[in-house]
1. Among the residues of region 102-139, write down those that are in a strand (DSSP E or B) and either small (Gly, Ala, Ser) or without any contact (Cβ under 8 Å) to a residue 24 or more places away in the chain (or both).
2. Looking at region 36-50, is at least one residue of a type in the set (A, V, I, L, M), under 25 Å from ARG143 (Cβ atoms) and modelled with pLDDT of 95 or more?
3. Just to be sure I understand, how many residues within region 1-34 are closer than 24 Å to LEU59 by Cα, in contact with a Leu (Cβ under 9 Å, 6 or more places away or on another chain) and aliphatic (A, V, I, L, M)?
4. Working carefully through the options ILE12, ILE7, find the one that is in a helix (DSSP H, G or I), out of contact with any Asp or Glu (no Cβ under 6 Å at 6 or more places or on another chain), among the β-branched types (Val, Ile, Thr) and within 24 Å of LEU81 (Cα to Cα).
5. Of all residues being under 21 Å from LEU118 (Cα atoms) and free of Cβ contacts under 8 Å to residues at least 60 places away in the same chain in region 33-57, which is surrounded by the most Cβ atoms within 10 Å (Cβ to Cβ)? Just the residue, please.
6. Does any residue of region 86-98 turn out to be surrounded by 18 or more Cβ atoms within 10 Å (Cβ to Cβ), under 15 Å from the mean Cα position of the chain (by Cα) and either at pLDDT 95 or above or assigned to a loop (DSSP other than H, G, I, E, B) (or both)?
7. Of LEU53, LEU58, which residue is part of a helix (DSSP H, G or I), among the hydrophobic types (A, V, I, L, M, F, W, C) and either under 25 Å from PHE181 (Cβ atoms) or at pLDDT below 95 (or both)?
8. Can you tell me which residue is surrounded by the fewest Cβ atoms within 10 Å (Cβ to Cβ) among those in region 66-81 that are modelled with pLDDT of 95 or more and part of a loop (DSSP other than H, G, I, E, B)?
Amino acid sequence: MIKQAKIKERQIAKRRRLELQTPDAATELIRHFPANKFRGASIGGFWPLPSELDVRPLLSALSEFGFEISLPCCSEKSQPLIFREWAPGDKLQLGPFQVQEPHKEKKKSTPTLVLVPLLAFTPEGQRLGYGGGYYDRTLAELRSLGDVFACGVAYAGQEVSHLPTDEHDQRLDGILTEQYFRAFA
């Protein structure tokens with residue numbers, strides 16, 4: 001029942017996200033990112049899919065500010081993501097899900113702040129992803145190793161009042177949008 005509800009919510013959320021795209025949203029992320037709050041953090045970013053809010057300008061700005069940046073690599077199906085160091089200008093390769101990833105020669109990283117893509121989120125920090133469970137497994141593993149802040153990245157209009165969840169779903173600690181940053185209680 002929850003699986004079917006999530007499938008339906010994903011269809012709705014994908015359509016909604018297409019309607020929310022604005023040309024200046026990517027640069028607005030830089031303005032709303034609380035750099036002082038995360039000073040010294042190792043940041044796990046992501047390479048955006050075509051309809052996702054583009055985090056690349058933010059990642060480049062954070063790299064210029066001296067933050068260590070890494071991007072996720074999909075190692076095996078049903079396994080957590082592996083983060084590898086990245087800097088602006090680095091060559092990337094196409095991963096198994098047609099997402100750009102750092103080459104395997106790049107050093108592995110354990111981020112303390114993970115920027116998480118999503119389709120929808122709630123005011124309590126629930127997140128609807130794409131259904132593969134990669135970020136849920138990854139966040140669970142990182143949290144077992146120590147403190148990590150999971151920050152969703154989305155358009156403000158992707159917020160919904162409720163999402164179907166199950167025991168494997170990892171909550172977000174905060175959300176960064178083109179309009180604001182908010183930490184969840």
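1. Narrowing region 102-139 to residues in a strand (DSSP E or B): 102, 108-109, 113-117, 120-121, 127-128.
SER109, ALA120 - these are the residues of region 102-139 that are in a strand (DSSP E or B) and either small (Gly, Ala, Ser) or without any contact (Cβ under 8 Å) to a residue 24 or more places away in the chain (or both).
2. yes
3. Looking only at that region, the number is 5.
4. Of ILE12, ILE7, the one residue that is in a helix (DSSP H, G or I), out of contact with any Asp or Glu (no Cβ under 6 Å at 6 or more places or on another chain), among the β-branched types (Val, Ile, Thr) and within 24 Å of LEU81 (Cα to Cα) is ILE7.
5. TRP47
6. Going through region 86-98, the residues surrounded by 18 or more Cβ atoms within 10 Å (Cβ to Cβ) turn out to be 86.
Subsequent filtering for residues that are under 15 Å from the mean Cα position of the chain (by Cα) retains none.
Checking region 86-98: not a single residue is surrounded by 18 or more Cβ atoms within 10 Å (Cβ to Cβ), under 15 Å from the mean Cα position of the chain (by Cα) and either at pLDDT 95 or above or assigned to a loop (DSSP other than H, G, I, E, B) (or both).
7. LEU58
8. Among those residues, the one meeting the criterion is GLY66.
The values are calculated or read from the model by the stated rules, or taken from the named source; none is laboratory data. Keep in mind that what you see is a predicted model, and the values were worked out from it rather than measured. All Cβ positions, glycine included, derive from the backbone under ideal geometry; neighbour counts span all protein chains shown.
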